[in-house]
Amino acid sequence: MAIQVGDKIPEATLKRAGSDGISDITTTEIFSGKKVVLFAVPGAFTPLCSAQHLPGYIAKAAAIKAKGVDTVACVSVNDAFVMGAWGKDRGAGEDVMMLADGSGNFARAIGLDFDGSKFGMGTRLQRFAAVVEDGVVTVLNVEKPMKFEVSDADSILAAL
């Protein structure tokens with residue numbers, strides 16, 4: 001069953017690429033005691049994700065944080081090297097935390113995974129955006145397949 005508003009984000013370990021290499025970061029570390037905007041994309045370097053989804057959050061990160069958000073984070077079922085390279089390519093810098101769910105464990109834990117095998121992608125995260133306060137989902141905008149209407153940065157800004 002997919003995570004819903006009012007649910008707690010399950011415990012999971014994601015990966016991050018940094019100047020010291022690849023490191024683990026838990027969902028507790030990401031969300032505990034913080035207000036976080038988390039958005040998910042089906043794949044780094046894919047057309048819509050690279051042209052609109054991630055760039056929108058990079059461009060609006062300051063406005064989102066001005067609404068009391070501590071962290072803006074992007075997660076995808078890609079490895080940490082790919083997420084790090086994509087963040088660098090798109091100019092995410094310190095504005096958007098790039099998180100890797102390489103094996104799709106987080107995607108399955110929140111019930112927002114899908115089978116992208118027909119596209120040669122295997123298990124992927126559905127496109128969504130959420131506001132998470134101290135580990136609890138307070139806003140959840142999940143896109144319908146092949147749509148980009150409710151998980152963009154402007155929609156989250158409006159929800160804040």
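The values are calculated or read from the model by the stated rules, or taken from the named source; none is laboratory data. Remember, predicted model here, so these are calculated numbers, not experimental data. Heads up, the Cβs are rebuilt from the backbone with ideal geometry, glycines too, and the neighbour counts pull from every protein chain shown. Areas reflect the complete protein model, heavy atoms only, side chains present, ligands, DNA and RNA absent. Shrake-Rupley method; radii C 1.70, N 1.55, O 1.52, S 1.80 Å.
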Identify all residues within region 1-34 that are surrounded by 12 or more Cβ atoms within 10 Å (Cβ to Cβ), within 22 Å of Glu143 (Cα to Cα) and not β-branched (Val, Ile, Thr); write none if there are none. Ala2, Asp7, Lys8, Pro10
Complete set of residues in region 110-127 that are among the basic types (Lys, Arg) and over 18 Å from the mean Cα position of the chain (by Cα): Lys118
May I ask you to verify whether Val131 is touching a residue at least 12 places away in the same chain (Cβ under 8 Å) and open to solvent by less than 30 Å² (accessible area, probe 1.4 Å)? yes
Take region 134-147 and flag every residue that is open to solvent by 50 Å² or more (accessible area, probe 1.4 Å), modelled with pLDDT of 95 or more and under 21 Å from Ser50 (Cα atoms). Val142
Which is over 17 Å from Thr13 (Cβ atoms), open to solvent by 20 Å² or more (accessible area, probe 1.4 Å) and among the polar types (S, T, N, Q), of Ser103, Ser117? Ser117
Taking the criterion of being among the acidic types (Asp, Glu), closer than 19 Å to Thr26 by Cβ, in contact with a Gly (Cβ under 7 Å, 6 or more places away or on another chain) and open to solvent by 10 Å² or more (accessible area, probe 1.4 Å), would at least one residue in region 72-81 satisfy it? yes
Pull out all pairs, ordered by first then second residue, where Cβ-Cβ is under 8 Å, the residues are six or more apart or on different chains, the first lies in region 144-156 and is over 17 Å from Ala62 (Cβ atoms), and the second is open to solvent by 90 Å² or more (accessible area, probe 1.4 Å) and assigned to a helix (DSSP H, G or I). Phe148/Gln52
Only residues that are farther than 16 Å from Asn105 by Cβ, among the hydroxyl-bearing types (Ser, Thr, Tyr) and at pLDDT 95 or above: list them for region 1-39, please. Ser23, Ser32
